[in-house]
Amino acid sequence: MGARARQERDLRIMAEENHDDSRRTPTSSPPNTPTVMNADDPTYLVHAEVCKGSKPGNERVRIVLPSRQAFRRLDAGRLEATEAVQEPRTPAERFLFTLKRTVIGAPIATAQAEQERLTKFKALAVLSSDAISSVAYATEAILLVLAAAGSGNLRYTIFISMAIVALLFIVALSYRQTIPAYPNGGGSYIVAKDNLGTVPGLIAAASLMVDYVLTVAVSVSSGVAALATLFNLQSISLIVLINVVLIIVITMVNLRGVRESGSIFAIPTYIFIFSALLLILVGIIKAFVIGHQPLIGAFPYIKASEPLTLFLILKAFASGCSAMTGTEAISNGVPAFKKPEPRNAAMTLTWMAVILGTLFIGIGLLGLTYGVEANAASNPTVIGQIAHTVFNGPLLFMYPVFQFATLIILVLAANTSYSDFPRLSSLLARDHFLPHQFAFRGDRLAFTTGIIFLAILSNILVIAFKGNTTDLISLYAVGVFISFTLSQSGMVRHWWRLRSAHPGWLRSMLINGLGAVTTLMVAVTIASTKFLSGAWIVVALIPIMVLTFLAIHHHYMKVEHERTTEIPYSPQQIQQRLIVPIATCNEAAKQAVTYARSLTSQVVAVHISNQPERANTLRTAWNQWQEHFAARDQTQLEIIEPGHEPLLKTLLAYIDTTKLHHPAETITVVLPEAGEPSLIGRILHNPTMFRLKIALFLRPEIVVTNLSYHTQAPNLPTHQAHITNRFIVPIAGFDRAAIQSLAYARSFSHRVIAAHVAIDPQDAEHVHTQWNHLREHITMDEESQLVVIDSPFRALSRPLLAYIDAINELHPEDTLTVILPEFVVEHWWEFPLHNQTAFHLKTALLARPGIVVTDIPQHLRKRGMQQ
């Protein structure tokens, strides 16, 4: 038996049981009149009818289901959206849907998140590729700086490399303390914010975000340099183009999800590791076993341009520290590991440090013994020259293999940033320091907004610096060591707090303290020695970013506490007055007035005209229409002459005056308009109506109802007494805006549903808790019904639209009104900070026949209104 057949059977049994109960109560229903029976729970998406036959006792139960099975009922008040919700409706949507499926694949449900986690094998490739690949340019960066002191001083490269490796193991050991302490992800932002405060946490976050963007730019440009070395490419424009294309490719791969990107990236990463180890092994054998070369080879003569000073050595050390970038990625990405997460993450971190240290010392040693010269253009690269020297004879085929492996891992090294930048952005968005869009996962469980934003910034940087790795490295590593220092300082504070509860607190605190002191010295060294070379940009950018984070957070808190509208919180306190602007007495105007009268008797129709003949014609048609109603059901028509003022301005002045004379009443303006399938079509069809909507939307005390007249759709009944109203209020949570919107709907009808889309189980439980708390403070007359729709694919608008469509289809005799509390930004630049779900819903609903849309604008409280 199929799912639909089982559902029909269960619903038929339910309807028959309900019918058996109803037969015990005598009714006066005439024969052949269907008795519509619906459960109180609005998650029963079924229309059950008991149809009576011509003979006594001849009855049947008719079950009406929605045409599209878009939901599964989980429990009372709980639905789950199925994959049918994702199906496109229009040809344009179908095209985009097919394109999206082709590029990034089918959506992944939230319940499958556990399956998307990484094994240690894949995690080493995804989260360590940045650090491991840095050996391709870190040694070259040291040689370039020391070359200023002449070729005779290049021997100090090996000592600087050893100091960097020692620093690497100190940092790795420090982060091994962080992983078990923060099993949900111990990134610098979280550790610093929890232990040092908000501002230090934001400084760490800003430092890391700058470093992640630079990681993509440096890694990709360095990989393209390896390609240029292999094919002797000299065209800068071609090199920049290849950089941009590769960033786009890696972006598309990451949009397909963490596990899939890990599968794609694992093999190239391990090919590079093994080929680099082979390069070191063969190079050492050729140099010291076969060739008996000295440790310091004969470098081409380079004339010294400045003396060897401590400052120059520190500058070379700072440049070589670019090998340290990406070390934090594993600690930050602990939740991406399979269970047990802390243990797997710690083991992966250890292997990363061992591999990186081995490759870095080995390549530095080969560079010295073979006397490889570095050039500022990185063409050819140092590591490419080493490979060309080592891989010859029988191993000649390994040279192009190694160069391509270097290209691939350097490009894929950017994946560390694509893993951590979106995750860090989501944490900042969760804490209201970035736009909330960064907190949402896309179809493939990846943080899509963060991935795309990172790609845009990286491409801008590559284009601005023309893909020159040497220039980009000048900006590099400053931010990462600032974040290292703040993270390790936070861990010192963490262990001090746990000194009475954690037996090994002193050892752990000393390890993190050593890491904090060491990385602080390195951060100061890098910032001072590379300041004039470009590090000043990062030093200046970090405080600007922190101020931006704080400004965004201030805006969100202001919106949370000062958003208001004039609607009371209790339905009994709401006094309604509806205004219906009309141009002619056509069907759209008649439907708007009839709908308004079905809500309240306090309705007035308004016509603004400076043409007496047209006004007289309208009045005559109006009187002829109103003659069909009893006196108590007739609606007043007011015709106003604008004088020398524009028509729109006169109408707005009338609405404002009405509100001024009736301050205790809620003014709703019902706008009749022709139904158009698109927003552009509605604007072009009646631009005056569009300008009126904008003007009313900016008035905090006015509610706007949009009633579209569709010639192909069933019309409203001709009398207001025959209209049955049903309301749906989409809510994000039970804040003041939601409570006011529910009260507004409840003042008209008892058929009110609060609909919430939950993108995870915690979200659903939180809303149910809020709902139960709210019910303790309201009366039965004020209560509505709650429907929580679980969205396994994390969509917000589509499940709501599908639920609205289902209710509208199952109750075609009712007039369905959707009430949208919509926030109004104060400034244009605040618009991207909000998801604007209400705007997208309104645009989609206005194109649907038979659905009325009411907009309740939420404005920020004016200064004079603050307590």
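The values are calculated or read from the model by the stated rules, or taken from the named source; none is laboratory data. This is a predicted model, so every value here is computed, not measured. Note: ideal-geometry Cβ built from the backbone for every residue, glycine included; neighbour counts use all protein chains shown. Heavy atoms of the whole protein, side chains included, go into the accessibility calculation; ligands, DNA and RNA do not. Shrake-Rupley method; radii C 1.70, N 1.55, O 1.52, S 1.80 Å.
Tell me whether the range 594-633 comes out rounded, prolate or oblate; compute the Cα gyration tensor, take square roots of the eigenvalues as a ≥ b ≥ c, and use a/c under 1.5 as the rounded threshold. Oblate.
Given axes a ≥ b ≥ c from the Cα gyration tensor, I'd like to know whether the range 65-217 is rounded (a/c under 1.5), prolate (a/b larger than b/c) or oblate. Prolate, because a/c is 1.5 or more and a/b exceeds b/c. Of the chymotrypsin sites (Phe, Trp or Tyr not before Pro) found in the range 306-383, no site is in coil according to DSSP while having at most 13 other Cβ atoms within 10 Å of its Cβ. Given their separation in residues at 0.36 nm each and the Cα-Cα distance between them, GLU587 and ALA464 gain 38.3 nm when the chain is fully extended. When the Cα gyration tensor is reduced to axis lengths a ≥ b ≥ c, the ratio a/c is 1.5 or higher for the range 138-269, and with a/b not above b/c it is classed as oblate.
For the range 431-437, putting each phi into the Karplus relation 6.51 cos²θ - 1.76 cosθ + 1.60 with θ = phi - 60° gives couplings of 8, 6, 9, 9, x, 4, 4 Hz, in residue order, rounded to whole numbers and with x for Gly and Pro. At full extension, ILE537 and THR90 could sit 156.1 nm farther apart than now, given 0.36 nm per residue minus the alpha carbon distance. Of the residues GLU826, GLU638, ranked by 1.4 Å probe accessible area with the largest first, the sequence reads GLU826, GLU638.
In the chain, the calculated helix contribution to ellipticity at 222 nm averages -18000 deg cm²/dmol per residue, counting -39,500 (n - 2.57) for every DSSP H run with n ≥ 4.
Element breakdown for the range 437-493 at a 1.4 angstrom probe: carbon and sulfur atoms account for 67% of the accessible area. Note on ARG775 and ILE456: the extension gain reaches 110.1 nm, defined as 0.36 nm multiplied by sequence separation minus the Cα-Cα distance. Taking the 0 to 90 degree range and rounding to the nearest ten, how far is the long axis of helix 341-369 tilted relative to the main principal axis of the chain, both from C-alpha atoms? Its long axis makes an angle of about 40 degrees.
For LEU648, the shell of other residues with beta-carbons less than 13 Å away shows a net charge of +1, using +1 for Lys and Arg and -1 for Asp and Glu. Counting only protein heavy atoms and a 1.4 Å probe, tell me what percentage of the range 759-806's accessible area is made up of carbon and sulfur. C and S atoms contribute 53 percent here.
Other residues lying with their Cβ under 13 Å from the Cβ of VAL334 contribute a combined charge of +4, Lys and Arg counting +1, Asp and Glu -1. Rolling a 1.4 Å probe over the protein chains gives PHE690 an accessible area of about 80 Å². When each of the peptides 810-819, 219-228, 506-515, 657-666 is scored by how many other beta carbons lie within 10 Å of its residues on average, the order from highest to lowest is 219-228, 810-819, 506-515, 657-666. Between the helical axis of 797-810 and the longest alpha-carbon principal axis of the chain there is an angle of about 20 degrees. Residue-normalised convex hull volume from the C-alpha trace of the range 774-867: 175 Å³ per residue.
Counted by Cβ distance under 15 Å from ALA523, the other residues give a net charge of 0, where Lys and Arg count +1 and Asp and Glu count -1. Using the 1.4 Å probe convention, the accessible area of the range 459-531 works out to 43 Å² per residue with neighbouring protein chains retained. Rounded to the nearest 10 degrees, what's the angle between the helix 587-599 long axis and the longest principal axis of the chain, both from Cα atoms, 0 to 90? Compared with the principal axis, the helix lies near 90 degrees. Each part reduced to its alpha carbon centroid, the range 717-745 and the range 610-636 end up 29 Å apart.
Computed over protein heavy atoms with a 1.4 angstrom probe, the accessible surface ordering of ASP855, ASP781, ASP194, ASP763, largest first, is ASP781, ASP194, ASP763, ASP855.
Between LEU99 and LYS120, the FRET efficiency from the beta-carbon distance, with R0 = 45 Å, is close to 0.80. Within the assembled protein chains, the solvent-accessible surface assigned to THR837 is about 40 Å², based on a 1.4 Å probe.
The alpha-carbon of LYS303 sits under 27 angstrom from the alpha-carbons of these lysines, leaving out residues fewer than 8 places away in its chain: LYS315, LYS530. Heavy atoms of the protein chains alone define the surface here; on that basis the range 218-358 has 43 Å² accessible area per residue at 1.4 Å probe size. Exposure check, 1.4 Å probe, all protein chains in place: LEU541 carries approximately 70 Å² of accessible surface. Label zone (ILE284, point 7 Å along Cα-to-C-beta; backbone nitrogen cut-off 20 Å) within the range 312-352: 351-352.
Compute the distribution of all C-alpha to C-alpha distances in the range 381-506, in bins of 5 Å from 0, and list the percent of pairs in each, rounded to whole numbers. All Cα pairs considered, the percentages come to 2, 8, 10, 13, 14, 13, 12, 10, 8, 6, 3, 1, 0. Here LYS52 is the anchor, and no lysines lie within straight C-alpha reach of less than 24 Å, apart from those fewer than 8 places off in the same chain. Exceedance of the 21 Å cut-off in Cα-Cα distance is limited, within the set LYS120/LYS339; LYS659/LYS693; LYS649/LYS693; LYS659/LYS842; LYS558/LYS649; LYS193/LYS339, to LYS659/LYS842; LYS558/LYS649; LYS193/LYS339. Distance between the C-alpha centres of the range 816-832 and the range 157-205: 41 Å, rounded to the whole angstrom. Placing TRP771, TRP496 in order of accessible area, with the largest value first and a 1.4 Å probe, yields TRP496, TRP771.
Sorting 130-138, 470-478, 300-308 by their mean Cβ neighbour count within 10 Å, with the most densely packed peptide first, gives 130-138, 470-478, 300-308.
Each label point was placed 7 Å from the Cα along the Cα-to-Cβ direction; for ASP656 and GLU627 their separation is 4.0 nm.
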